[in-house]
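The values are calculated or read from the model by the stated rules, or taken from the named source; none is laboratory data. This is a predicted model, so every value here is computed, not measured. All Cβ positions, even for glycine, are placed from backbone atoms using ideal geometry, and neighbour counts span all protein chains on display.
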Amino acid sequence: MPFLIGLISFFSGVAIETSNLRILLKRHGMLALSKIIWVIIVSLIYMSLFGQDGILGISAVALTVALSGINPSLYVSIVNNYGNKIDEAAYGIFGIFSAPFLPVLVYSIQGTGNIDWMPVISTLLPLILGILLGMMDSNFRKVFHNGVGLLIPVIGWKIGQGMNLLQVLDSGISGIILTILFYILLIPLITIDRNILKNDGIVGLGMNATPGTAASFPLIIGLSNPEIMPYVLGAAAQLVTVTIITAFLTPILSKQLYLRNNANK
């Protein structure tokens with residue numbers, strides 16, 4: 001999976017034209033930074049108020065991981081339908097959210113672990129190489145312009161392969177509650193995209209889906225944070241629920257937002 005993420009980052013980087021780089025960083029870079037800051041704030045407040053046990057059956061690690069991720073294939077599909085080429089190229093920036101970098105960063109700040117920079121390096125390095133390659137010769141954009149589209153089904157298959165629908169039943173109502181909290185707590189990203197950055201909000205909403213790999217993140221965090229281990233199995237089941245629901249609901253919400261934005265056109 002890290003190889004596929006790095007490959008999409010590379011293809012995204014090749015597609016970026018230097019003239020659009022400033023626009024890309026202004027909008028998508030700001031959204032990525034806003035997500036990092038917001039998730040850290042919300043997660044640390046949740047931990048300080050309710051501890052690792054959380055509330056309503058939602059442990060701190062389950063909430064942190066749910067808020068931290070972006071479903072890569074879903075995001076690319078949404079911006080392919082309702083965004084533009086710059087939005088698609090932004091996957092090179094958003095790719096770090098497909099890895100456990102952000103939840104690991106949260107628990108490092110909380111003081112129970114060490115920061116793992118490898119997910120950031122393995123995502124941003126291919127992006128930078130792709131940008132440099134595109135700058136050297138614009139013909140490379142023609143060669144690799146279908147690369148992202150070809151990888152979407154592969155990543156979708158890989159993510160779907162790791163899902164177990166029976167875990168949704170195991171998570172019960174707590175998985176649904178976590179999904180509701182997920183959408184409520186990430187509304188600020190859409191607000192920032194629309195009201196501060198003056199865009200249509202499609203990218204801010206398209207970011208709101210949990211990757212299928214997220215179910216494995218609690219265990220990754222727990223390996224360096226023994227106090228998290230009792231919550232790993234419950235969090236994993238809840239995260240599968242969030243992943244499946246957001247995989248269906250976020251595209252529907254994105255389409256409705258797109259139709260609303262273009263109602264008068």
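With the structure loaded, tell me whether residue 255 is part of a helix (DSSP H, G or I) and basic (Lys, Arg) or whether it fails that test. So that I can check it myself, show each step before the final result.
Numbers: part of a helix (DSSP H, G or I): yes; basic (Lys, Arg): yes.
Here the answer is yes, as residue 255 does meet what is asked.
Give the number of residues within segment 227-265 that are among the polar types (S, T, N, Q), surrounded by fewer than 18 Cβ atoms within 10 Å (Cβ to Cβ) and under 18 Å from residue 75 (Cα atoms). I'd like the intermediate steps shown before the answer.
First, pick out the residues of segment 227-265 that are among the polar types (S, T, N, Q): 238, 241, 243, 246, 250, 254, 256, 261-262, 264.
Filter once more, keeping what is surrounded by fewer than 18 Cβ atoms within 10 Å (Cβ to Cβ): 256, 261-262, 264.
This time we only want the ones that are under 18 Å from residue 75 (Cα atoms), so: 256.
The total comes to 1.
Scan the helices (runs of 4 or more DSSP H) fully inside segment 54-167 and keep the ones with 1 or more residues being at pLDDT 70 or above. Let's see the steps before the verdict.
Details: elements: 60-68, 72-82, 85-89, 91-94, 101-110, 118-136, 139-144, 147-161.
Filter on segment 54-167 gives 60-68, 72-82, 85-89, 91-94, 101-110, 118-136.
Looking at the structure I just gave you, is residue 40 more than 18 Å from residue 217 (Cα to Cα) and over 12 Å from the mean Cα position of the chain (by Cα)? Explain how you work it out, then say what you get.
On the way: more than 18 Å from residue 217 (Cα to Cα): no; over 12 Å from the mean Cα position of the chain (by Cα): yes.
No, not satisfied.
Name the residues in segment 206-251 that are among the polar types (S, T, N, Q) and assigned to a helix (DSSP H, G or I), would you?
First, the residues of segment 206-251 that are among the polar types (S, T, N, Q): 208, 210, 213, 216, 224-225, 238, 241, 243, 246, 250.
Those that are among the polar types (S, T, N, Q) and assigned to a helix (DSSP H, G or I): 213, 216, 224, 238, 241, 243, 246, 250.
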